[in-house]
Amino acid sequence: MLPLSRTLRRSVPRLTRLNLTRHISSQPSSSEPPTTRTTSFGFKTVPEDSKESLVKNVFDSVASSYDLMNDATSFGVHRLWKDSFVSSLKPGRRAPMRCIDVAGGTGDIALRILDYARENYADRETSVAVVDINGQMLKEGFRRFKKTMYHNTPQISFHEGNAQALPSEEFPDNTFDLYTIAFGIRNCTSIPAVLKEAHRVLKPGGTFACLEFSRVNNPLLSTLYDQYSFTMIPLLGTILAGDRDSYQYLVESIRKFPPQPEFAKMISDAGFTTGDHVDGGAWEDMWGGIASVHKGVKL
């Protein structure tokens with residue numbers, strides 16, 4: 001078996017970073033500085049072209065402790081959410097599927113997809129291409145899969161890439177039956193660009209499915225959730241991972257993510273068909289909206 005470093009070099013092509021520089025049709029006067037497009041990085045406002053590296057630094061820092069911290073901060077509930085998410089998709093029910101799991105470096109969604117298809121439908125042909133912009137997260141996923149029956153099979157592959165600009169030669173149009181992204185889309189610089197790429201690589205009839213932290217609508221639960229998030233999660237990050245700042249960002253990024261109706265409209269605007277823009281239609285809330293599952297179908 002090839003060493004991990006050689007395997008990743010062969011199977012994980014490097015992508016050219018998406019050029020987010022704004023092109024101005026006319027030259028500004030000497031008294032007018034060039035306009036810089038900005039985006040959020042947690043509660044901070046940063047230039048768009050710097051967010052990618054800032055997010056990369058966060059996940060470089062937390063990669064080795066990511067699962068431990070998820071268990072500690074959610075009391076293990078994130079595992080139940082992910083189980084429910086994959087079960088609702090029923091991979092392998094009709095036939096083997098080609099799946100792409102984006103921002104899925106640790107491989108936990110991919111492993112659930114393959115296990116569900118095998119255990120429920122005796123399907124050993126469904127495959128998952130795991131894509132993540134962060135090489136350290138991919139290494140964690142690769143290490144996890146070395147312990148499974150799927151290692152060194154066509155059912156799993158790892159690719160370092162940007163969700164906003166998947167290379168067409170590797171991920172052609174109309175290729176996949178299922179596109180999943182779990183707790184990752186809020187970290188992307190341009191959510192519409194991610195949705196556009198998801199629509200491009202899915203086959204007609206293919207499903208887009210996103211699990212993401214969302215907006216809590218119950219005022220009492222929202223207050224309790226905020227108190228816990230902004231006090232306990234950064235503290236646990238300090239104790240368990242020695243990294244308060246990264247977990248402070250993760251909490252802030254959740255609050256900056258669009259509420260459910262707004263995100264559902266973004267999915268529709270990208271060309272997907274969804275249900276009515278209410279809970280139980282275009283999305284399903286979990287635990288009062290702490291997390292939500294959004295789905296859309298490409299026609």
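Looking only at residues in the range 191-201 that are crowded, with 17+ Cβ neighbours inside 10 Å and in contact (Cβ under 8 Å) with a residue 40 or more places away in the chain, the one that is farthest from Ser214 (Cα to Cα) is Val201. When Gly104 is tested against (1) in contact with a helix residue (DSSP H, G or I) (Cβ under 8 Å, 6 or more places away or on another chain); (2) at pLDDT 95 or above, only condition (2) is not met.
Restricting Gly288, Gly242, Gly296, Gly205 to residues that are surrounded by fewer than 14 Cβ atoms within 10 Å (Cβ to Cβ), small (Gly, Ala, Ser) and touching a residue at least 60 places away in the same chain (Cβ under 8 Å) narrows the list to Gly205.
Pro192 fulfils the conditions (1) modelled with pLDDT under 95; (2) not in a loop (DSSP other than H, G, I, E, B) except for a single criterion, (1). Might you let me know whether the range 200-210 holds any residue that is of a type outside the set (S, T, N, Q), closer than 22 Å to Phe171 by Cα and part of a helix (DSSP H, G or I)? Yes: one or more hits.
The set of residues in the range 212-270 being assigned to a helix (DSSP H, G or I) and among the small types (Gly, Ala, Ser) consists of Ser222, Ser229, Gly237, Ala241, Ser246, Ser253, Ala264, Ser268.
The values are calculated or read from the model by the stated rules, or taken from the named source; none is laboratory data. From a predicted model like this one, the values you see are computed outputs, not experimental measurements. When we count neighbours, we look across all protein chains shown, and the Cβ atoms used for this are built from the backbone with ideal geometry, even at glycine.
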